[in-house]
1. For the chain, what does the helix formula give at 222 nm: sum of -39500 (n - 2.57) over DSSP H segments with n ≥ 4, over the residue count, nearest 500 deg cm²/dmol?
2. In the Gaussian network model of the chain, springs joining C-alpha atoms below 10 Å, which of G50, G149, G86 carries the largest mean-square fluctuation?
3. For the chain, with all protein chains present and a 1.4 Å probe, just round the carbon and sulfur fraction of the accessible area to a whole percent.
4. From Cα pairs below 8 angstrom and at least 6 apart in sequence, can you work out the relative contact order of the chain, rounded to a whole percent?
5. Between R32 and S136, what is the FRET efficiency for a Förster distance of 35 Å, r being their Cβ-Cβ separation, to the nearest 0.05?
6. So how do 69-77, 179-187 stack up, highest first, on mean other-Cβ count within 10 Å?
7. In angstroms, what radius of gyration and Dmax does the chain have, counting Cα atoms only?
8. Given the options K26, K18, K119, which has the most mean-square fluctuation in a GNM of the chain, springs set between C-alpha atoms less than 10 angstrom apart?
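The values are calculated or read from the model by the stated rules, or taken from the named source; none is laboratory data. Computed from a predicted model, the values in this text were never measured in an experiment. Cβ placement follows ideal geometry from the backbone for every residue including glycine, while neighbour counts extend to all protein chains displayed. Surface areas here come from the heavy atoms of the whole protein model, side chains and all, with no ligands, DNA or RNA. Shrake-Rupley method; radii C 1.70, N 1.55, O 1.52, S 1.80 Å.
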Amino acid sequence: GLQSILNDRPVDGYTLSKIPYASFTKLESDFRYYFTFKNKSTLVSRAYTGVGIPYGNSKIMPFVEQFAAGGPQSMRGWNFRELGPGSSDTSLNSLDLNTGDIQLEFNLEYRFSLTSLFKMALFTDIGNVWLMKKDSSKPNSEFNIKRLGQDLAWSTGYGFRLDFGLFVIRLDYSYKLYNPNKKKKKRWI
């Protein structure tokens, strides 16, 4: 049965068919609120939270399960996996892919029509990713509620949409207002 597949925990951890496996819990929540005005424009707000907790065999979250900020779906002022973790200075190691165990993100977007096909949006994004535990190679990368204000990145921008009903082609331009991964005196842009 299952007990014969799952061995007692050896020094290297539990295995499944002699292959060590990762143990973690990942919780995510995504809350959105749409408020439509009489002129058919819309104000959309979004709050996203995520936390990953490794246990058992795992001391860290598997890379593919870690949270990342940046890109067209998250923190649009940054490239994918460019932001975070926390307010660590990412210029120290350019090979990092800036992932974390915790993610907080807040978005506010005002959408309105220019014509029936062309639409426009004005938006702002605030958020970041953090590590659960301190990492000596990345100072200030762990989540600390006392440092939350200086760890949150902020970007703003605008976008054009071609709305064909079944699908939307989106073109956004966003720029950073506050980058917590820069040196303290260079964070406001």
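1. Values: 2 runs with 8 residues, N = 189.
Helix contribution divided over all residues of the chain: -500 deg cm²/dmol.
2. G149
3. Values: 7400 of 12050 Å².
That fraction is 61 percent.
4. Values: 443 pairs, mean separation 33.6, N = 189.
Result for the chain is 18 percent.
5. Working: r = 38 Å, r/R0 = 1.09.
The value I calculate is 0.40.
6. Numbers: 69-77: 19.9, 179-187: 14.8.
Highest mean packing first, the order is 69-77, 179-187.
7. Rg and Dmax of the chain, Cα atoms, are 20.3, 65 Å.
8. K18
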